[in-house]
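These notes concern the structure reproduced below.
Any read-out appearing in this document is the output of simple, stated calculations on the displayed coordinates, not a laboratory observation. Worth saying up front: this structure is predicted, and the values here are computed from it rather than measured. Please note: Cβ atoms are built from the backbone with ideal geometry, for glycine as well, and neighbour counts cover all protein chains shown.
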Amino acid sequence: MISIDNLTFDYPTKRALTEVSCTIAAGSVTALVGPNGAGKTTLMRCLAGLDQPVTGAVTVDDVDVLAKPRLAHRHIGYLRDLFGLYDELSVRRCLAFHAAAFGVARAERASRIAWAAAALGLTDRLGEKAGRLSRGLRQRLAIAQVVIHKPKVLLLDEPASGLDPEARMELSRFIVNLNGEGMTILVSSHILAELEDYSTDVLIVSGGRIVDHRHLHDRAGEGLSGRSAWLALRFVGETTAAAVEASLRRHDAVRDVLPDGDLVRFRFVGTAEERAGLLAALVADGIAVASFGEARDLVQDAYLKSVRRAAAAPEVRP
Amino acid sequence: MNPEFTRNLWLETGPFRLFALAAAALALLVGAYLVAGPALIGVLPGLNQLVGDPTQFARVAVAGMAEGLLAVFLILWGTRSAADAVLSEIGAGTWDGQRLSMIGPWAMSWGKLLGAPAAAWIIALVILVPAYLWGAGTEAEALRRLAFILLAAIAAHAAAFAIGLSFALRRETRSRAVVAFAHLVGILVGFALFSSRDGIDGPVALGLYGHVLPPERFMLALAAIATFWLLVADYRLMRQALAVPTAPWVWIVFLAFLAALTAGLDITGLPMIVGAVMPPKGYLAALLMLLAMLVATYAAAVVLPPDALGWRRWASAMRRRPLRALARTPIFLYGLLFAAGAVVYGLVALGQPDGVSMWRLSSINGEAFPIALFCFAIRDTLLLAAAFAVPEKRGRVIGVLVFIGLSYLVLPLALGRVVPAEVLAFLVPAITLDTMAMIVPPAAEALVALILLVAIVRRTARTVRAGAERAG
């Protein structure tokens, strides 16, 4: 869906991105993480066609973003970190303006406004002025504005910044729902635990380069649905990682086993009862289980390892 | 309907606001009618013999007031809205959203140009009626005056909008000073056109390629042409702001148009020129052309200067694909190229046998003057380019502008009687010196400015490379 080829971006006195290349698969939710100043926002702005790189190419759904930015914008929704709203306009007019600005046909606009308002929980706020909304509602309106044309690619730069915990949970739900509508989503955030909830992939940027790009889940939101989730098992005593892996692989519901020291992460597809049965079977196999639960640190783990590796060996390239 | 125009209408034309403004304007017009009309004549017996038909007198007064109100609403207030149209979006954090939309550059330009000052236009349209119906003179004259007002307003808005956009392109943060500057430029442009509505006083004969034109029509055509090119400038700047690939070809067409216009212009019929000792007509046209090119070049150097990165990109493109690099060439360089053409044209014209002998006998060095002027322009534009290439540029740009002002105005006046002409040649074209003494000083200064620009661009390139090597 998104193809980045050899992208280099300079500010007048600083190189922000160096020969960045990667492909982001259609239907994925990719967590874009990295330290401050790593080039995340610059990368997003180049993907959106807002900033022109020195060299390189970006295509979104086979449209060259740099050569035909206005055409590419048909497929892109981008929410910047410090977004603004037209405070004097009502929520309905804000959405109507964006629908028209993004080329939604006149006949479809009313239904599209209703859809976006419903998707973001704004249906009962359509008559209110944007300037009177709370921080969380403003965030929802901002997202509704950028998805009203149903883009194929949604770029969210620090969307959870400044939100309270409840609003963050709602944001996670919105992202999962929008992904369910078929949108490919790239989301940057410093709150790694939150990205675990919905990310299928992680793209780690450091010093203007991609230091890791890995697949986490098959579908965003599986962890929330209860059907499929990444689980983590920590063992102690005489138990070995090989024994744990062997025991896990005997179960059809277990996929993608990833041993890591005294921790084994694996994907589990099944109900809560089946999960309890798996734990009982592991104990019966003689595995000394110290902890067993949902893995909440996949993005964080990948991030820390990649950034440390990059720091230790600066020549590492994606 | 253009969504950007619609959004502006939603924001700018609330019913209460429109009602209040219309009521204030109508009160002023009624006041003018009452004061200037029969009431005034009633108060001052004998006035009716002086003014003739009192009703007609009142109507003319109302029309005059309406014309003044039009200027206030459109040129003062509307221009402020146009200046702020993009800068306020940047301040509110909504500009990136607009850049990301599918609204094209032309729709975005006119949506903002007409939409941001929408309230001023709506009130103005109400006031236009008495200004047109009751204005002094014939119907054709009233129409011409109204055309001037409308053109002046559009030009003022377009100029202020262009300045605002140029700051947006340079990522200058929003500040009152930036908006005030754009507003001021717009007002100056607007009032310059507005004040030219009465033509030129005195016996005037303006010629264009041998055709003598009535000054009123000539000025109206000139105002229309200026407004047209300002609108084109807005569109081209908006293309850049929306990251639509934009080559400088339209700028080159504009320069060619300007060259053709000035080459064919005969100003020897102007009252201030009639009777003066004049150089050959061709040389005079070449000087006019040179001046026009230099004004355009300075404007380009200030409005669309490349930063250090822009120069690096251009230099890199020149090394790899010189022909393609033409599309990335900083536009003020094209201005200098056309100015060089005007210099050559002037030198050729000077050799023609139609010169006026009195002028030839004068002490003015006609050959060296355009060359020296051209060298000073190279110096100034390269200095400006160097200032804009420095990352922390604001203070340096102002410094260069102050230096240019000192060089041409203050220092020559202050030092004119103190230092020899050879020294003054470093500040202004010293028109009485011999050719080398006149040309070498500005040429040397231009060379220094070039070295400075190259050094700044190279230094920033080294900084970027060093930073990238440290990071990776």
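Using DSSP to define loop residues, name the chymotrypsin sites (Phe, Trp or Tyr not before Pro) in the stretch A:106-212 whose beta-carbon has at most 13 other beta-carbon atoms within 10 Å. Kindly include the intermediate steps, with their values, before the conclusion.
On the way: sites: A:W115, A:F174, A:Y198; in loops: A:Y198.
Filter output for the stretch A:106-212: empty list.
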Which of the aspartates and glutamates could a cross-linker bridge to B:K281, judged by Cα under 19 Å and excluding same-chain residues fewer than eight apart? B:D266, B:D354, B:E367
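Would you please name the trypsin sites (Lys or Arg not before Pro) within the stretch B:102-191 that are DSSP coil residues with at most 11 other C-beta atoms within 10 Å of their C-beta? Mind dumping the intermediate values first?
Working: sites: B:K112, B:R144, B:R145, B:R170, B:R171, B:R174, B:R176; in loops: B:R170, B:R171, B:R174.
Counting only loop positions with at most 11 other Cβ atoms within 10 Å, the trypsin sites (Lys or Arg not before Pro) in the stretch B:102-191 are B:R171.
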With just the Cα atoms of chain B, tell me how far they stretch along each of the three principal axes, in Å, largest first. 77, 69, 42
Amide H to amide H, which residues 5 or more places from A:A16 or on other chains are under 5 Å from it, using H placed in the peptide plane? A:F9, A:D10, A:Y11
Residues with amide H under 5 Å from that of A:D51, placed H, sequence gap 5 or more: A:C46
Mind jotting down the distance between the C-alpha centroids of the stretch A:113-161 and the stretch B:325-344, whole Å? 48 Å
What is the helix-to-structure angle for A:135-147, meaning the angle in degrees between its Cα long axis and the longest Cα principal axis of chain A, kept from 0 to 90 and rounded to the nearest 10? 80 degrees
Please report the antiparallel percentage of DSSP beta bridges with both residues in the protein assembly as shown, rounded to the nearest 5. 70 percent
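For the residues B:T435, A:T59, B:T381, what sequence is obtained by ranking on other C-beta atoms within 10 Å, fewest first?
On the way: B:T435 13, A:T59 19, B:T381 28.
Lowest count first: B:T435, A:T59, B:T381.
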For the stretch A:178-195, take each phi angle, set θ = phi - 60°, evaluate the Karplus expression 6.51 cos²θ - 1.76 cosθ + 1.60, and give the result in whole Hz per residue in order, putting x for glycine and proline. 5, 4, x, 6, x, 7, 8, 10, 10, 10, 9, 6, 8, 9, 5, 4, 5, 5
With the cut-off at 30 Å, tell me which of the pairs A:K14/A:K305; A:K68/A:K305; A:K150/B:K112; A:K14/A:K152; A:K14/A:K129 have Cα atoms farther apart than that. A:K68/A:K305; A:K14/A:K152; A:K14/A:K129
How large is the helix-only mean residue ellipticity at 222 nm for chain B, computed as the sum of -39500 (n - 2.57) over DSSP H runs with n ≥ 4, divided by its residue count, in deg cm²/dmol to the nearest 500? -24000 deg cm²/dmol
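If you take each beta carbon of peptide A:88-97 and count the beta carbons of other chains within 10 angstrom, what is the mean?
Details: counts 4, 3, 1, 0, 0, 4, 3, 0, 4, 9.
Partner-chain Cβ atoms within 10 Å, mean over residues of A:88-97: 3.
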With +1 at each Lys and Arg Cβ and -1 at each Asp and Glu Cβ, the charge dipole magnitude of the stretch A:1-108 around its Cα centre, to the nearest 20 debye, comes out at 240 debye
Label 7 Å along Cα→Cβ of B:Q240; the stretch B:380-399 residues with amide nitrogen under 15 Å? B:385-386, B:388-389
Per residue of the stretch B:152-166, what does 6.51 cos²θ - 1.76 cosθ + 1.60 with θ = phi - 60° give for ³J(HN,Hα)? Whole Hz please, x for Gly and Pro, Karplus curve as stated. 4, 5, 5, 5, 4, 4, 5, 5, 5, 4, 5, 5, x, 5, 5
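Which whole number gives the average, over all residues in B:99-107, of C-beta atoms from other chains lying within 10 Å of the residue C-beta? Intermediate results must be reported in sequence, preceding the final value.
Working: counts 7, 19, 10, 12, 6, 1, 1, 0, 1.
The shielding value for this peptide is 6.
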The long-range amide H neighbours of A:V29, using H built 1.01 Å from N in the peptide plane and a cut-off of under 5 Å, are A:I185, A:T200, A:D201, A:A220
